[in-house]
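Notes follow the structure.
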Amino acid sequence: MKKLLLLPFLFCCALAFAQQETTPVKKINVALYIYPGVGLGDLNGPADVFMKAAGLTKGQYNVYTFALQQGTIRTQGNGLKITADYLESEMPKPDILVIPGGSIGLMDTMCLDPKVIGMLKKYQSQVEVMMSVCTASYLLGKAGILDHHKATTHYFVADDFQTQFPALTLVKDVRYVDEGTVMTCSGVTSGMDGALHLVNKYSGDKIAAMLSRAIQYTPRGEEKWPVAPNGMKFDRNWKKKQGLMKQ
């Protein structure tokens, strides 16, 4: 009799498991912005995390690059040549938009480019998450996306970042700051922490744990920032001072 009573229960469990297995998983478009001078570490870290996550989840993530101009792009330091998968106007609608950083001088220049800032403002309300890596936080700050949000950036320029964008609240000694629709990551490799954090959100902690083991990387949210050697400090007026010294 007990065996007969167990049969309906086991059948229901099997049915629920089968439905779970066949329930379609939402596809997530992950767009990575590339531009002349983009930092390789800022770009490749998140790209590799999301691409490997796509493999572990049997294609849950669709990862691609996009640019605002045609042709090949040289990475930071006149490095590698890369070509975007799409022009911005032709790419699939992104769910996660990743903005890698570059040199601070380049970020200052890009902050004055209406095409770049306009693109960020355009997608602010269209994507589920906009994530900056390293100095790309300056671009989000310039676009007003970080106003009234907590945010972080590369430790060396953090104080200047807060000065440039007083409407945000700087958070130090962290690898990333998750504000829901907007994320900012600290320096370079912290983009991997931010990406793994998002994989955990979208795919669960088991997938995120499998992924961190596969790439032999231990993600963390908080970390005491390093101290610049010899008391060095970022000085926005350094070039002007150098000019005065040469006169």
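The values are calculated or read from the model by the stated rules, or taken from the named source; none is laboratory data. Since this is a predicted model, take the numbers as computed values, not measurements. Every residue, glycine among them, receives a Cβ derived from its backbone with ideal geometry; neighbour counts consider all protein chains shown. All accessible areas refer to the heavy atoms of the entire protein, side chains included, with ligands and DNA or RNA removed. Shrake-Rupley method; radii C 1.70, N 1.55, O 1.52, S 1.80 Å.
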- Amide H partners (placed H, <5 Å) of Gly39, local residues excluded: Gln76, Gly101, Gly102
- Note on the structure: Taking a probe of 1.4 Å and leaving out DNA, RNA and ligands, the chain shows per residue an accessible area in Å² of 56 Å²
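I need the shape label for region 86-210. Rule: rounded when a/c is under 1.5, else prolate if a/b > b/c, else oblate, with a, b, c from the alpha carbon gyration tensor. Let's see the in-between values first.
On the way: a/c = 1.73, a/b = 1.15, b/c = 1.50.
Oblate, since a/c reaches 1.5 and b/c is not below a/b.
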- Note on the structure: To the nearest 10 degrees, the tilt of helix 190-203 (Cα long axis) against the first principal axis of the alpha carbons of the chain is 30 degrees
- With a Förster radius of 25 Å, plug the Cβ-Cβ distance of Lys93 and Met210 into 1/(1 + (r/R0)^6) and report the FRET value to the nearest 0.05. 0.35
- Cα-based helix-to-principal-axis angle, 205-214 vs the chain, degrees rounded to 10: 60 degrees
- Message: Helix 114-124 against the longest principal axis of the chain: what's the angle in degrees, Cα atoms only, rounded to the nearest 10?
- Response: 30 degrees
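Sort 108-118, 192-202 for me by packing, meaning the mean count of neighbouring Cβ atoms within 10 Å per residue, highest on top. Don't jump to the answer; show the numbers that get you there.
Working: 108-118: 14.0, 192-202: 23.6.
Top of the packing list down: 192-202, 108-118.
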- Ordering 46-52, 81-87, 176-182 by per-residue average of other C-beta atoms within 10 angstrom, highest first, gives 46-52, 176-182, 81-87
- Query: Shape call for the chain from the C-alpha gyration tensor, a ≥ b ≥ c root eigenvalues: rounded (a/c under 1.5), prolate (a/b greater than b/c) or oblate?
  - Reply: prolate
- Length gained, His148-Glu222, 0.36 nm per residue minus C-alpha separation, equals 24.5 nm
- Which residues' amide hydrogens lie under 5 Å from the amide hydrogen of Val174, considering only partners 5 or more residues apart or on another chain, with H built in the peptide plane? Glu223
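Considering only region 68-215, what is the antiparallel percent among its DSSP beta bridges, to the nearest 5?
Details: 6 of 16 bridges.
Around 40 percent antiparallel, to the nearest 5.
Take the solvent-accessible surface of the protein heavy atoms, probe 1.4 Å, and return the percent of it on the chain that carbon and sulfur atoms account for.
Details: 7900 of 13710 Å².
For the chain, the apolar C and S fraction of the accessible surface comes to 58 percent.
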